[in-house]
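Notes to accompany the following structure.
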Amino acid sequence: MKAELVKKEGNKVTLKITVDNNKFEEAVNKAYNKTKGKYNIPGFRKGKAPKVVIETQYGKGVFYNDAIDMLFPEVYPEAIKELNIDPIDRPDLDIEEISKDNGLVMVVNVEVKPEFELGAYKGIEISKVDNTVSEEDVEARLNEMVNRNARLTSVEDKALENGDTAVIDFEGFKNGVAFEGGKGENYNLVIGSNTFIPGFEDQLVGKKAGEEVEVNVTFPEAYHAENLAGKPVFNVKVNDVKVKEVPALDDEFAKDTTEFETLAELRADVKAKLEEQAKNAADAEMRNALVEKVSANTEVEVPEAMVQHQIDNMLMELNYQLQYQGLNLEQLLQMTGRGLDELREERRADAERLVKSSLVLEAIAEKKNGKANDADVDDELEKMAAMYNMEVEKIKSSLRETDIEDIKGQIKIRKTLDLLVENATIA
């Protein structure tokens, strides 16, 4: 395999990858053996026709595409490593030549990370963040624990109020026709949570178990499913009304729900943990402020491909979080009356900021040789083993090479942030 950088214009790179004819023919033979079973050739049982006969029937290049599909994932990573290219998007492949003399010649166009001059990153001034924990903070956390241990209890003949949970069946109709995604059974809806379309929950207030109600709502005219824009109607049946039963915050609560015997011991533990969290949060806030300032000092054209990838990751994370609530992204869009394009655009500014910060931190890391060595990786794996209560060797055996590279990348960025903090002025 031979790799050659043809040209570079801005963030666009063109490279040429040449595979000698012997290697290409090996791939063609593999493609023949893999796909010969789908060719029906008169006089031969299916899958038994010789390669030359199939090529005569269908053309010399009948196996070329499959052969290239096999070769490209092998030679492309080698080529970009050899040429020290850092792609940020999928490559665009063209075949320039296939011949006995020159073999397979591929031309690849791909977008790479931008080149730019770093701005000032030493001596940046940031404000110290207060990490004091008050008694009110402790009390609030204890109340959260109490509420998490509350039980939902059905109450007969109770009219729904804000904060109550309605167990409902519902189905949405537009012009008398049920629409997709508008139906649910025994759904737990907290009244006042604004989970559903504005106005939906308000119309359930005062209803009791066993009652049915017609809920009228208005979808925005710009709703992503145009057929629903306007005023659909939901038929709703209240199956049950549930209220929270909150336990008393006392020694008994501490004993029943934690490893502590008294409320005083629980309170002390909560305060200690809050102080540790506050310290970590303050440190993270100062580091984020530092990154923002360092990033602002550097002019860089943020590639659109990286922005779109970042938005993809953000929406994947959002969908993952929604699954814990028994929802998904599509249902969220239905409930809130927004389209996917709108949701992506809402995240664009944050995505651009994150991508730029990442590019700047990587550039500083390269400049200061902030690499992760084997000892750093071993330390990180030890921490992971302790966190997940696993043996280090088991974690190592489960990691792919790409996982190790991700860990090294995280360590490199962390070292870079440590360097910035060391050189910052904290007022």
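The values are calculated or read from the model by the stated rules, or taken from the named source; none is laboratory data. Keep in mind the model is a prediction, meaning the values are calculated, not measured. Cβ coordinates were reconstructed from backbone atoms using ideal geometry, including for glycine residues, and neighbour counts include every protein chain displayed. We work out accessible area using only protein heavy atoms, side chains counted, and drop any ligands, DNA or RNA first. Shrake-Rupley method; radii C 1.70, N 1.55, O 1.52, S 1.80 Å.
What number of residues in region 373-415 are within 25 Å of V291 (Cα to Cα) and either in contact with a strand residue (DSSP E or B) (Cβ under 6 Å, 6 or more places away or on another chain) or polar (S, T, N, Q) (or both)?
2
So which of L93, L71 ends up being open to solvent by 30 Å² or more (accessible area, probe 1.4 Å) and either in contact (Cβ under 8 Å) with a residue 24 or more places away in the chain or not β-branched (V, I, T) (or both)? It would help to see each step written out before you state the result.
Details: L71 fails: open to solvent by 30 Å² or more (accessible area, probe 1.4 Å).
Answer to the selection: L93.
Quick one: which residue in N297, N280 is loosely packed, with under 14 Cβ neighbours inside 10 Å and in contact (Cβ under 8 Å) with a residue 12 or more places away in the chain?
N297
In region 338-378, which residue that is part of a loop (DSSP other than H, G, I, E, B) and over 26 Å from K113 (Cβ atoms) is least open to solvent (accessible area, probe 1.4 Å)?
Only one residue fits best here, namely G339.
Touching a helix residue (DSSP H, G or I) at 6+ places or on another chain (Cβ under 6 Å), more than 20 Å from S357 (Cβ to Cβ), crowded, with 17+ Cβ neighbours inside 10 Å and among the hydrophobic types (A, V, I, L, M, F, W, C): is that true of L381 in this structure?
Numbers: touching a helix residue (DSSP H, G or I) at 6+ places or on another chain (Cβ under 6 Å): yes; more than 20 Å from S357 (Cβ to Cβ): yes; crowded, with 17+ Cβ neighbours inside 10 Å: yes; among the hydrophobic types (A, V, I, L, M, F, W, C): yes.
Judged against the criteria, L381 is a match.
Counting only residues that are open to solvent by less than 100 Å² (accessible area, probe 1.4 Å) and either assigned to a helix (DSSP H, G or I) or in contact with a Cys (Cβ under 6 Å, 6 or more places away or on another chain) (or both), how many does region 384-404 have?
Looking only at region 384-404, we keep the residues that are open to solvent by less than 100 Å² (accessible area, probe 1.4 Å), and these are 384-386, 390, 392, 395-399, 402-404.
From the residues that got through so far, the ones that are either assigned to a helix (DSSP H, G or I) or in contact with a Cys (Cβ under 6 Å, 6 or more places away or on another chain) (or both) too are 384-386, 392, 395-398, 402-404.
Residues that pass the stated criteria total 11.
Pick out the one residue from K273, K237 that is modelled with pLDDT of 95 or more, open to solvent by 40 Å² or more (accessible area, probe 1.4 Å) and within 33 Å of the chain's Cα centre (by Cα).
Criteria check complete, one pass: K273.
If the Cβ limit is 8 Å and pairs must be 6+ apart or interchain, which residue in region 385-397 that is free of Cβ contacts under 8 Å to residues at least 60 places away in the same chain pairs with which residue that is open to solvent by 100 Å² or more (accessible area, probe 1.4 Å) and outside any helix (DSSP H, G or I)?
Note: pairs meeting the criteria are A385/E391.
Sort out which residues of region 240-257 are surrounded by fewer than 16 Cβ atoms within 10 Å (Cβ to Cβ) and either touching a Pro at 6+ places or on another chain (Cβ under 9 Å) or of a type in the set (S, T, N, Q) (or both), and write them in order of number.
Passing the criteria: D256, T257.
Kindly indicate the residue of region 1-41 that is closer than 22 Å to G59 by Cβ and among the small types (G, A, S) and also surrounded by the fewest Cβ atoms within 10 Å (Cβ to Cβ) among those meeting that condition.
This residue is G37.
Counting only residues that are open to solvent by less than 80 Å² (accessible area, probe 1.4 Å) and either in a loop (DSSP other than H, G, I, E, B) or modelled with pLDDT under 90 (or both), how many does region 185-215 have? Walk me through it before giving the result.
Narrowing region 185-215 to residues open to solvent by less than 80 Å² (accessible area, probe 1.4 Å): 187, 189-193, 195-197, 199-201, 203-211, 213, 215.
Restricting the remaining residues to those that are either in a loop (DSSP other than H, G, I, E, B) or modelled with pLDDT under 90 (or both) gives 191-193, 195-197, 199-201, 205-211.
Adding up the residues that qualify gives 16.
Find all pairs meeting these conditions: Cβ atoms under 7 angstrom apart; at least six residues apart or on different chains; first residue within region 6-29 and farther than 22 Å from D69 by Cβ; second residue of a type in the set (S, T, N, Q).
V6/T14; K7/T14; K12/N109
Which pairs do you get when a residue that is closer than 7 Å to K36 by Cβ and of a type in the set (G, A, S), found in region 47-58, comes within reach of a residue that is open to solvent by 20 Å² or more (accessible area, probe 1.4 Å) and part of a loop (DSSP other than H, G, I, E, B), reach meaning Cβ atoms under 9 angstrom, with the pair 6+ apart or on two chains?
G47/Y39; A49/Y39; A49/N40; A49/G43
So which residues in region 91-150 are in contact with a Gly (Cβ under 9 Å, 6 or more places away or on another chain) and hydrophobic (A, V, I, L, M, F, W, C), if there are any at all?
Hit for region 91-150 is I98, nothing else.
Being touching a helix residue (DSSP H, G or I) at 6+ places or on another chain (Cβ under 8 Å), within 23 Å of N22 (Cα to Cα), at pLDDT below 95 and not in a loop (DSSP other than H, G, I, E, B) narrows it down to one of I54, I68, so name that one.
Testing whether each residue is touching a helix residue (DSSP H, G or I) at 6+ places or on another chain (Cβ under 8 Å), within 23 Å of N22 (Cα to Cα), at pLDDT below 95 and not in a loop (DSSP other than H, G, I, E, B) leaves just I54.
Scan region 19-41 and give yes if some residue there is assigned to a strand (DSSP E or B), at pLDDT 95 or above and under 22 Å from L83 (Cβ atoms), otherwise no. Let's see the steps before the verdict.
Keep residues of region 19-41 that are assigned to a strand (DSSP E or B), which gives 19.
With at pLDDT 95 or above added as a condition, the list becomes 19.
The next check asks that each one be under 22 Å from L83 (Cβ atoms); those that pass are 19.
Yes; the residues of region 19-41 include at least one that is assigned to a strand (DSSP E or B), at pLDDT 95 or above and under 22 Å from L83 (Cβ atoms).
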